[in-house]
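See structure below.
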Amino acid sequence: MRQKPTYRLLKRPGPAALNGIITIYRAQGWWRRGDTPAMLRRLISGSYLFAVAELDGRVIGMARAISDGVSDAYIQDVAVLKEFRGAGAGSGLVRALLKGLKSGGIKWVGLIAQDDSHPFYGPLGFSELKRARPMLLKGSYV
């Protein structure tokens with residue numbers, strides 16, 4: 001039986017955690033030329049919540065929430081290394097964020113489910129937002 005990951009919220013990751021997060025960003029294709037560890041540290045500290053899933057001290061997944069800290073939050077960048085998918089790490093990350101958001105008094109939580117990932121979020125309490133359409137500023141990248 002596979003060991004279960006542990007979940008932790010970060011604001012200032014140590015070198016090993018930072019390298020693990022960079023590995024996940026690269027695996028997802030989110031690490032662009034010119035990105036730096038310093039930039040990633042700013043992204044993490046600037047997030048309302050940043051969660052990692054760890055197994056035997058290794059970061060195997062991550063997710064973050066951005067928020068005004070008062071009423072609304074968006075979950076984004078939910079990712080688990082391919083070899084660890086399907087064992088609950090992604091769900092655990094989202095639950096860790098939802099718990100932290102709830103304890104912070106955040107009552108509205110949204111996300112954009114990309115690449116047909118919407119079935120993953122349904123069991124976690126998310127449903128399609130009727131009469132809404134995600135939009136992106138021209139020139140932005142996804």
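Is one or more of the residues making up the stretch 29-49 surrounded by fewer than 15 Cβ atoms within 10 Å (Cβ to Cβ) and closer than 27 Å to PRO123 by Cβ? Within the stretch 29-49, one or more residues are surrounded by fewer than 15 Cβ atoms within 10 Å (Cβ to Cβ) and closer than 27 Å to PRO123 by Cβ.
Being exposed (fewer than 15 other Cβ atoms within 10 Å of the Cβ), more than 20 Å from TRP108 (Cβ to Cβ) and polar (S, T, N, Q): is that true of SER71 here?
Details: exposed (fewer than 15 other Cβ atoms within 10 Å of the Cβ): yes; more than 20 Å from TRP108 (Cβ to Cβ): no; polar (S, T, N, Q): yes.
In short, no.
The set of residues from the stretch 24-54 being β-branched (Val, Ile, Thr), outside any strand (DSSP E or B) and touching a Phe, Trp or Tyr at 6+ places or on another chain (Cβ under 9 Å) comprises ILE24, ILE44. When ALA132 is tested against (1) without any contact (Cβ under 8 Å) to a residue 24 or more places away in the chain; (2) under 18 Å from TRP30 (Cβ atoms), only condition (2) is not met.
Note on the stretch 7-23: among residues that are touching a Phe, Trp or Tyr at 6+ places or on another chain (Cβ under 8 Å) and within 17 Å of ILE75 (Cα to Cα), the one that is surrounded by the fewest Cβ atoms within 10 Å (Cβ to Cβ) is LYS11.
Among GLY92, GLY86, which is the only one that is under 17 Å from TYR121 (Cβ atoms) and part of a loop (DSSP other than H, G, I, E, B)? I'd like the intermediate steps shown before the answer.
Details: GLY92 fails: part of a loop (DSSP other than H, G, I, E, B).
Going through GLY92, GLY86 in turn, just one is under 17 Å from TYR121 (Cβ atoms) and part of a loop (DSSP other than H, G, I, E, B): GLY86.
Here LEU55 meets each of (1) exposed (fewer than 14 other Cβ atoms within 10 Å of the Cβ); (2) in contact (Cβ under 8 Å) with a residue 24 or more places away in the chain with one exception, condition (1).
Here, each number is a calculation from the coordinates, and none is a lab measurement. All of these numbers come straight from a predicted model, not from anything done at the bench. Positions of Cβ are generated from backbone atoms using ideal geometry, with glycine treated the same way; all protein chains shown enter the neighbour counts.
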